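The values are calculated or read from the model by the stated rules, or taken from the named source; none is laboratory data. None of these values were measured; they are calculated from a predicted model. Please note: Cβ atoms are built from the backbone with ideal geometry, for glycine as well, and neighbour counts cover all protein chains shown. The accessibility values were calculated without ligands, DNA or RNA, using every heavy atom of the protein model including side chains. Shrake-Rupley method; radii C 1.70, N 1.55, O 1.52, S 1.80 Å.
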Amino acid sequence: MLNYDLTDEQNILRQTIREFAEREVAPVARELDEREEFSVPLTRKMAEVGLFGCFVSEEWGGSSMGYVGYIIAVEELARVDGSTAATVAAGNSLGIGPIYYFGSEEQKKRWLPRLCRGEILAAFGLTEPDAGSDAQASRTAAVLRGDEWVLNGSKIFITNATSAMAGVVTVQAVTDVRPDGRKELSCFLVPAGTPGCTAKAMHGKLMWRSSDTGELFFEDCKVPQANLLGQRGDGFKQMMQTLDGGRLSIAAMGLGGAQGAYELALNYAQQRKQFGMLIGKFQANAFKLATMAMELEAARNMLYKACWLREQHRPFGMVAAMSKLYCSEVFKRVATEAVQIHGGYGLMKEYNVERFFRDQKLLEIGEGTSEIQRIVISRHLGL
Ligand code: CAA
């Protein structure tokens, strides 16, 4: 049976988050972007409406809205503002995800309730200055000394790791060399403020300017053995599995951002007059908007199907990569044409559409570039 209807709960969720985003996020988004400022009060408000721990069960303090519900929430935030959606997407899939999926009972007890209440944020420590697309090339190392792991190295471009709300980061580190000569990689939970771990905010970003992006430095940073996540040597697989889910939230940001830019353009085309008529009446613009609407429809169907597969516990890695890639590219085309329809005004911050144009670019790079998504897809094809 094929059924495209969302449940009543999912429709109510969409409405709730849409109203929240329009009421709380839209009025401050441009100013936070201009000031390149991460907002703790706004993040706390998002926590109050259950935006952290979206897919976590109620047992651990989550909102238990399932993956489709989570993706709808991210989509609705991104419809208004990319940075705000990024804080939530990174906080959930990349931050909470590894602890929820791979954490011990003890680790879950320690972290999940506080993370789900949004008192603190979790971060995903994978990328390093020399290990971006090649995520196995980590140099950060962890050595077991007595009953402590001692970490040395650094991470870069880490979301949610440096603000006053930063609570814990999952760090991939080299723990040995495997019999096949490859690095043995393991993950560790490093609480913010652990001696030897310093965090530095990164500024001067093109996009997502009001999300918290930073560098982490580990200098003889000691964590107890109990902070190893899952089994020693499972780190890379944990990171890859986390990214399979995370890519769905990046896709949701593409879909939501494209929807937002499209609505701005549609609205403008129905108000702006040139040559004595509304510019939406010109086929040049009407066709652009028709193409946007078509691509949004295709993107939404692909993404929701990927989330549905995940909820059904079926393989979803390939469709997740496809959705991330496709939604990012749809957002690029929509944002570009949305600025074009706005003409000169589209270049001005006051019209907001330029922020969508800038925020879009991250989606072709973060959580695996478009090229990496094509590698993932082609490997699934057996190539
Ligand atoms: N799930 C589980 N295991 C997986 C897996 C997956 N999705 N993908 C690979 N693995 C396993 C493989 O089975 C293999 O296992 P064995 O060791 O048992 O053989 C192991 O991992 C190594 O696999 P590969 O040899 O295929 O790995 P690779 O080095 O060729 O890399 C890659 C594969 C897909 C290119 C990967 O490196 C990758 O995804 N790179 C991109 C990294 C990325 O997305 N970074 C984003 C960081 S987060 C971020 O960006 C945050 C932000 O913007 C907000």
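Numerical summary
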read-out: Carbon plus sulfur fraction of accessible area for the stretch 8-120, probe 1.4 Å, in percent; value: 47 percent
read-out: Of all accessible heavy-atom area on the stretch 123-236, the percent that carbon and sulfur account for (1.4 Å); value: 51 percent
read-out: Per residue solvent-accessible surface (Å²) - the stretch 237-380, probe of 1.4 Å; value: 46 Å²
read-out: Within the accessible area of the stretch 237-380 (1.4 Å probe), percent carbon and sulfur; value: 58 percent
read-out: For the stretch 147-152, Karplus couplings with θ = phi - 60° (6.51, -1.76, 1.60), whole Hz, Gly/Pro x; value: 9, 10, 9, 10, 9, 9
read-out: Residue-count net charge about residue 247 - beta-carbon cut-off 12 Å; Lys, Arg +1, Asp, Glu -1; value: 0
read-out: GNM flexibility winner over the chain from 310, 110, 300 (Cα, springs under 10 Å); value: 110
read-out: Amide proton proximity set for residue 230, modelled H, under 5 Å, gap of 5+; value: 104
read-out: Placed amide H near residue 202: partners under 5 Å, 5+ positions off or other chain; value: 213, 214, 215
read-out: Among 207, 253, 277: highest mean-square fluctuation, GNM of the chain, C-alpha pairs under 10 Å; value: 277
read-out: The chain: most fluctuating residue of 33, 220, 212 per GNM, C-alpha cutoff 10 Å; value: 220
read-out: Average accessible area per residue (Å²) across the stretch 47-187 - probe 1.4 Å, nucleic acids and ligands excluded; value: 34 Å²
read-out: Helix-only mean residue ellipticity at 222 nm for the chain, each DSSP H run of n ≥ 4 adding -39500 (n - 2.57), per residue, nearest 500; value: -16000 deg cm²/dmol
read-out: Pairwise label distance in nanometres, residue 220 with residue 240, each label 7 Å out on the Cα-Cβ vector; value: 3.6 nm
read-out: The stretch 188-205 - phi-based ³J(HN,Hα) in whole Hz, Karplus 6.51/-1.76/1.60, Gly and Pro as x; value: 10, 8, 10, x, 4, x, 4, x, x, 10, 10, 10, 9, 5, 9, 10, x, 7
read-out: Highest-first arrangement of 65-77, 42-54, where packing means the average Cβ count within 10 Å; value: 65-77, 42-54
read-out: Fraction of beta bridges assigned by DSSP in the chain that are antiparallel (%, nearest 5); value: 85 percent
read-out: Residue 198 accessible area, 1.4 Å probe, all protein chains in place, Å² to nearest 10; value: 80 Å²
read-out: Lysines whose Cα lies under 22 Å from that of residue 361, excluding same-chain neighbours fewer than 8 positions away; value: 155, 205, 288, 324, 332, 349
read-out: Sequence-distant residues sharing a close amide H with residue 183 (under 5 Å, placed H); value: 178
